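Bear in mind that the values in this text are calculations on the coordinates, not laboratory data. Everything numeric in this text was worked out from a predicted model, so none of it was measured. Note: ideal-geometry Cβ built from the backbone for every residue, glycine included; neighbour counts use all protein chains shown.
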Amino acid sequence: MSFRRFYSILLFAVSLNLAASDKDLIRIGAMASGTLAWELQAMKDQGLLDKASFNLEIIPLANQQAGKIALQANSVDMIISDWIWVSGMRSEGIPFTFTPYSNSAGGLLVAANGNIKAIKDLKGKKLGIAGGELDKNWLLLQVLASQQGLDLAQSVEKIYGAPPLLEQQLKAGRIDAILTYWQFAARLETEGYQQLLSGEEIIRQLGILETVPSLGYVFRENWAEQHQAGLQDFLQLATKARNTLCSDQDAWQKIVHLTDSHEPATQQKIRDRYCEGRVDNWSAKNQAAASQIFSWLNAISQNKLGGKSNQLQAGSFWSTH
């Protein structure tokens, strides 16, 4: 995270950390490089916070792990994280809960003119994996490969690393394919690389037809009960800001500098992928699909993801009922 970005979001936090008020205060942790920062800025730009029923304080975060630590320490009320971590926390008695934020889940990128056209072609190749050995896309790709008769973990040379480093290695030809986050995948697509499989497509090929969000807002269940009106208002305004970013070019141009991209083609691809990640449905069917995905992930990771339980914990998904 650059100092300029940190300083910018910090000023934003200070400007919104209003004096004493009878409104709910929502303290949200946000990374300067994350899409949440785009929406928070858009909410401000669009005047959505002026008449909101809550006051907003943005707490700058260095990375996702810092957000998890801050939430557990009650230093923030809400962060962006995944429902698998939420279930693991609930299995340890910590009542976090999740409501959807984004369906975007990254993907598998290869050279467009290369010889990797299917999963089986990865055999004997060097595969860069962002997120480490427990990355969800990597685990699900292994499940899909196993259904096709391939033990992928034993068939590729695995290179773990941060997305920018893996991207450099891909461009230098030191690795043959990369499994990376969606923003980095979008950039690579504009540079002539092909997305062989998206995270969403991996799930579809596994037989899951319902869309399952990869990330969501995570908060304590009792906090949500105490601040339900303010929380609902925030979620509605955040959705409105996101929809405006996807439909209004002027609104997008106001936050495009936060994408850390300077090429118009790359900015447009990032915008396309960001907007494709909007959550349209979140029903019992989607949640049942998430439970099936959890079972696969827990099995392939040898119970390393599910905390103290091998089942998705009740209450992992927030409900107002």
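Quick look at the values:
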item: Vicinal HN-Hα couplings computed from phi for the range 77-90 (Karplus, 6.51 cos²θ - 1.76 cosθ + 1.60; Hz; Gly/Pro x); result: 9, 7, 9, 9, 7, 10, 6, 5, 5, 4, 4, x, 5, 5
item: Evaluated over the chain, the Cα radius of gyration and Dmax, each in Å; result: 19.8, 62
item: Gain upon complete extension [S309, A118; 0.36 nm per residue less C-alpha separation]; result: 65.3 nm
item: Residue-span extension gain [A153 to A299] - 0.36 nm each, minus C-alpha spacing; result: 51.1 nm
item: Cα lying deepest toward the dipole's positive end in the range 107-205, options Q195, L152, L141, charges on Cβ; result: L152
item: Estimated inter-spin distance, T239 and E201, nm [label 7 Å along Cα→Cβ]; result: 2.9
item: Cα Rg over Rh - the range 107-206, Kirkwood; result: 0.91
item: F219 long-range amide H proximity, modeled H, under 5 Å; result: T97
item: Full-stretch length increase - E225, A73 - with 0.36 nm per residue and alpha-carbon distance subtracted; result: 52.8 nm
item: Residues E92 and K285, FRET efficiency given R0 of 25 Å [Cβ-Cβ distance, rounded to 0.05]; result: 0.35
item: Under the Karplus curve 6.51 cos²θ - 1.76 cosθ + 1.60, θ = phi - 60°, whole-Hz ³J(HN,Hα) for the range 285-293, x wherever Gly or Pro sits; result: 5, 5, 6, 5, 5, 4, 5, 5, 4
item: Pairs from K126/K308; K171/K269; K171/K304; K123/K304 whose Cα-Cα separation, in the structure shown, is over 27 Å; result: K126/K308; K171/K304
item: Modelled FRET efficiency - R0 22 Å, E263 with A172, Cβ distances, 0.05 increments; result: 0.60
item: FRET efficiency, Q249 to T190 (Cβ-Cβ, R0 25 Å, nearest 0.05); result: 0.85
item: Mean residue ellipticity (222 nm) of the chain, computed from DSSP H runs ≥ 4 via -39,500 (n - 2.57), nearest 500; result: -13500 deg cm²/dmol
item: Helix axis angle, 136-147 relative to the chain longest principal axis, alpha carbon, degrees; result: 40
item: For F317, residues with placed amide H under 5 Å, excluding near neighbours; result: F98
item: Separation of the D45 and K125 label points, Cα + 7 Å toward Cβ, nm; result: 3.7
item: Relative contact order %, the chain, counting alpha carbon pairs below 8 Å whose residues are six or more apart; result: 27
